[in-house]
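Reading through the structure tokens given below for one structure.
No value in this document is a laboratory result; all are computed from the given coordinates. Note that the structure is a prediction, hence the values are computed from the model and not measured. Methodologically, a virtual Cβ is constructed for each residue, glycine included, from the backbone with ideal geometry; neighbour enumeration extends over all protein chains shown.
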Amino acid sequence: MKRVIDLAIVLALLAAVVGSFRYLGLDLQALLGEGVGGQMADYALRFLRPDLGLEHLQAVGRGALETLAMSGLGTLLAALLGLLLALPAAGRFGWPGKALARLLLNALRAIPELVWAALMVLAAGLGPNAGALALAAHTAGVLGRLFAEALENAPPEPADAIRLEGGSHLAAFCYGTLPNLWPQLLAYMLYRWENNIRMASVLGFVGAGGLGQMLYTTLSLFQERQASTVILAMLALVLLVDALSDRMRQRWVRA
């Protein structure tokens, strides 16, 4: 009986694959036909000669700085908004506030960054401002949920001791709860910054500025050499942010 079920599952998967090809109208013969491989190889070879002209490198440098600033500012705004929403989401203000805050956090992170970017471009105009706001909106939902779970699992004794000594709720949070959670919260922020630098590199495809917008423009004009330089700059920027994030994590989190 088990073999029959396994065979039925395999046949169903094969039928789904064949049905997907037929439904999408994919023509494998055209994709793998004569001369297609040579055309693809010729197109790929044009990317192996990046444009290293001074003017183009300066433009790429400005785009890289825009992308770096977009990711950093978006992550910082998201951390602030996420922490504000994490307090009610952790139940600090009763169950109505918890339910409302969690609903808002779910809504923020349910919408992908590219959709947020398209909305922000319509609201704030073309450029890196829209990209930073888009990253902040989505990342706030992610960090807010993570921060709320960290607050729920935080030991209450330090904050309770400060309140018993006559301290306010704000003082108990700032001096009793937050210091114990700070390494964990910082680790979450650095991880999301690493993700945001990658996403900031492609938000330009919907007009949100940075290297993504330069890549979209160069590809649209079939400028493979210029596009290759932009792609190399994206790779270098991602490696730089990963190295900085790891360095900060070793210095402030693991210590």
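Key figures
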| quantity | calculated |
| --- | --- |
| Value at 222 nm in deg cm²/dmol, rounded to 500, when DSSP H runs of n ≥ 4 in the chain each add -39,500 (n - 2.57) | -26000 deg cm²/dmol |
| Approximate spin-label separation residue 153-residue 252, in nm, with each point projected 7 Å along Cα-to-Cβ | 2.1 |
| Chymotrypsin sites (Phe, Trp or Tyr not before Pro) within segment 162-255, DSSP loop, no more than 15 other Cβ atoms inside 10 Å | 222 |
| Nearest-ten-degree value, helix 178-200 long axis tilted from longest Cα axis of the chain | 20 |
| Signed unit charges on C-beta, dipole axis of the chain, positive-most listed residue 90, 166, 19 | 166 |
| Dipole axis of segment 93-183 (+1 Lys, Arg; -1 Asp, Glu on Cβ), positive-most option in 117, 135, 146 | 117 |
| Segment 163-255: GluC sites (Glu not before Pro) in DSSP coil with no more than 16 other Cβ atoms inside 10 Å | 165 |
| GNM top mover of 76, 190, 170 - the chain, alpha-carbon springs below 10 Å | 170 |
| HN-Hα J in Hz across segment 78-87 - Karplus 6.51, -1.76, 1.60, θ = phi - 60°, x for Gly and Pro | 5, 5, 5, 5, x, 5, 5, 7, 5, 4 |
| Mean Cβ count within 10 Å, highest first, over the residues of peptides 145-152, 91-98 | 145-152, 91-98 |
| Segment 54-252: C-alpha gyration tensor shape, a/c 1.5 cut-off, then a/b vs b/c | prolate |
| Choice from 228, 168, 220 with maximal GNM fluctuation in the chain (Cα, 10 Å cutoff) | 168 |
| Helix 36-45 vs. the chain, principal-axis angle (Cα, 0 to 90°, nearest 10) | 60 |
